[in-house]
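**Q** Dumping the structure here so I can ask a few things about it.
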Amino acid sequence: MRLPKFLMLCICVTLLLMNTTCDEDDFIPEPCDQVAVIDNGFFQTAESNLYTLNGVDLNGDCLLISLSASGCDGNSWSMVLVDSGEVSESLPEQRSLKFIFSNTETCLAVFSQERSFDLRPLQVEGSNEVILNIEDFPEPITYQY
């Protein structure tokens, strides 16, 4: 009689372990490189150096920006995505942003980089999407969350 109870315990433990393991299709989001900043004062005064926008893509809560600029190697480049802090009451709501690129390198070579920005601070309570109007970007971006 002892063996069936032990066997039943082994089966239960095995089922419990199988239930807690990760499936291959479980989605674990990659963290973004940086977080979007909400700061009206910085938004109003910040100026960007010249760059060429190569592409923009949304990956979950991350906005991926690909750009090219002249420089020595691009290691000293600084990039910030800053929001004005104001939400336009439309349907869906809209936010105004600036992409600030800082480049102090004086070499004439051209390099490309990608950076991703966490957009979760830009979510509007009570809504599941917001239109992002990024200054000097060709089209608005619809961020759904």
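**Q** For the range 98-137, enumerate the residues that are aliphatic (A, V, I, L, M), surrounded by 13 or more Cβ atoms within 10 Å (Cβ to Cβ), in a loop (DSSP other than H, G, I, E, B) and out of contact with any Cys (no Cβ under 8 Å at 6 or more places or on another chain).
**A** Within the range 98-137, VAL124 is the sole residue that qualifies.
**Q** Are any of the residues in the range 42-56 touching a Ser or Thr at 6+ places or on another chain (Cβ under 6 Å), crowded, with 17+ Cβ neighbours inside 10 Å, among the aromatic types (Phe, Trp, Tyr) and assigned to a strand (DSSP E or B)?
**A** no
**Q** Please work out which residue is surrounded by the fewest Cβ atoms within 10 Å (Cβ to Cβ), limiting yourself to the range 78-97 and to residues that are touching a residue at least 40 places away in the same chain (Cβ under 8 Å) and among the acidic types (Asp, Glu).
**A** GLU86
**Q** Search the range 117-140 for residues that are in contact (Cβ under 8 Å) with a residue 24 or more places away in the chain and pair each with any residue that is surrounded by 15 or more Cβ atoms within 10 Å (Cβ to Cβ) and aromatic (Phe, Trp, Tyr) when their beta-carbon atoms are under 6 Å apart and the residues are at least 6 apart or on different chains.
**A** These pairs meet every condition: LEU119/TYR143; VAL130/TYR143; LEU132/TYR143; ILE134/PHE99.
The numbers here are math on the coordinates, done by the rules we state, and not lab data. The shown structure was predicted, so the numbers you read here are calculated from the model rather than taken from an experiment. No Cβ is skipped: glycine too gets one built from the backbone with ideal geometry, and neighbour counts run over all protein chains shown.
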